[in-house]
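The values are calculated or read from the model by the stated rules, or taken from the named source; none is laboratory data. Quantities reported herein were computed from a predicted structural model and do not represent experimental measurements. Using ideal geometry, Cβ is built from the backbone for each residue, glycine included, and neighbour counts are taken over all protein chains shown. Areas reflect the complete protein model, heavy atoms only, side chains present, ligands, DNA and RNA absent. Shrake-Rupley method; radii C 1.70, N 1.55, O 1.52, S 1.80 Å.
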Amino acid sequence: GATPFVTLSWAQGLDGSMAHPNHDDPRLMLSGSESMALTHGLRKAHAAIMVGRGTVAGDDPRLSVRMDIDGKDITIEDQPAAIILDG
């Protein structure tokens, strides 16, 4: 069978943190506009996005392509499947 194509992507602060220490606070933005454009380009290029249940509980991520990065309209076919690991 074919070997899967996998890309790992994350954002972290200068102190190595990946989340706000107080989970009651609003989202901590760690990425700038150029990084967000790259992230949405990667989302559009992949069949699925996989996250853990902690990410879902802590961030409530949308796991979708929302930025037009190539001048083409975003279609339902551009949306990756959401895979949530719980275990």
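Could you give me the residue pairs with C-beta distances under 7 Å whose first residue belongs to segment 70-85 and is among the polar types (S, T, N, Q), whose second residue is open to solvent by less than 60 Å² (accessible area, probe 1.4 Å) and outside any helix (DSSP H, G or I) wherever it lies, and which are 6+ apart or on separate chains?
GLN79/SER64; GLN79/VAL65
Tell me which residues, restricted to segment 35-64, are of a type in the set (Lys, Arg) and either surrounded by fewer than 14 Cβ atoms within 10 Å (Cβ to Cβ) or free of Cβ contacts under 8 Å to residues at least 12 places away in the same chain (or both).
Of all residues in segment 35-64, those of a type in the set (Lys, Arg) come to 43-44, 53, 62.
ARG53, ARG62 - these are the residues of segment 35-64 that are of a type in the set (Lys, Arg) and either surrounded by fewer than 14 Cβ atoms within 10 Å (Cβ to Cβ) or free of Cβ contacts under 8 Å to residues at least 12 places away in the same chain (or both).
Looking at the structure I just gave you, is ASP59 of a type in the set (Asp, Glu), within 11 Å of the chain's Cα centre (by Cα), closer than 27 Å to GLY87 by Cβ and at pLDDT below 85? Steps first, please.
Values: of a type in the set (Asp, Glu): yes; within 11 Å of the chain's Cα centre (by Cα): yes; closer than 27 Å to GLY87 by Cβ: yes; at pLDDT below 85: yes.
For ASP59, the condition - of a type in the set (Asp, Glu), within 11 Å of the chain's Cα centre (by Cα), closer than 27 Å to GLY87 by Cβ and at pLDDT below 85 - is met.
Those residues that are closer than 30 Å to GLY71 by Cα, at pLDDT 75 or above and part of a loop (DSSP other than H, G, I, E, B), I need them from segment 12-38; list them, please. Reasoning before the result, please.
Pass one, segment 12-38, residues closer than 30 Å to GLY71 by Cα: 12, 27-38.
From what's left, at pLDDT 75 or above: 12, 32-38.
Residues satisfying the conditions are GLN12, GLY32.
Which ones in segment 67-87 are at pLDDT 85 or above, in a loop (DSSP other than H, G, I, E, B) and loosely packed, with under 12 Cβ neighbours inside 10 Å? So that I can check it myself, show each step before the final result.
From segment 67-87, those at pLDDT 85 or above are 74-86; that's our starting set.
Checking the rest, the ones that are also in a loop (DSSP other than H, G, I, E, B) come to 74-75, 79-80, 86.
Selection gives THR75, ASP86.
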